Structures are given as C-alpha cells and as structure tokens.
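Heads up: the structure comes next, in structure tokens.
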Amino acid sequence: MRGNPAERVALSALCDELPALREQCAAEPEDKRLLLTRIEAEARARRPILALLGELLGTGAEDTGAVRGLGAGLPGAGPGRADEERFGCPDGACDRTAVAVPAGPVPHCVLTGLPMSGR
C-alpha cells in the first residue's frame, strides 16, 4: 500500500471518514455492513482497499471515484493549529492527520486503536 499513491489517499480518506461511514452503514443491509467490516480489516492489515471502497460506494474501482465518493458532502478542513498539535498515522501507512486541542488527549487511529504519532 505504501508504494501506491492512490491506495494511500484512499486509506487517508477512509480514516478521516470512518466514524460517519460506520454510522451510515449501520442503517444499510447486512451485505454493506459486512463489506465495511472487510474494508476495515484489509485497511488494518495495510492491504489495498480502493476496489472494495468503490464497491461499497457504488463508484467502481477507479482511483479517484471511490475516494471522491467517500468524502462527498462532508465538512472540509477547519482552521489550522500549531505544528506540535498535529498527529499522524501511527505507522505512517496513510496521510491522515488529526489536530488536538492544546494539552489535550492524543487522538487514536480509528482503524487500529493505536495512538497517533506527533508530527
């Protein structure tokens, strides 16, 4: 996954949107919920997820379609914060960053549950 930029973008988008995606899939038929569970397992194992995301979102396996479908209609980036408050993927597998309040708790990866690393 580290060598494929499209997969890296897909993993970053999945991590950003996972809580909302879980909520949306909870109201979907069982096959959608099972597919999301499979996507999460593949992402945790750092295997490709782009085609699976395309299947879940009905966008196909096209590199940009699945990622664009994942983030459609969700809020954009908020105001910036100081560098010491920015955290990244625990193992560097994706480009997701999280911003914490000053002296607040360290955010955790929604896939692995591991604390995110300081940047």
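Taking label positions 7 Å along the Cα-Cβ direction at both L34 and E85, the computed distance is 4.4 nm, reported to one decimal.
The solvent-accessible area of S12, taken with every protein chain present and a 1.4 Å probe, is close to 20 Å².
The values are calculated or read from the model by the stated rules, or taken from the named source; none is laboratory data. What you see is a predicted model, and the numbers here were worked out from it, not measured in a lab. Cβ atoms come from the backbone with ideal geometry, glycine included; neighbour counts cover every protein chain shown. For accessibility, only protein heavy atoms count, side chains too; no ligands or nucleic acids. Shrake-Rupley method; radii C 1.70, N 1.55, O 1.52, S 1.80 Å.
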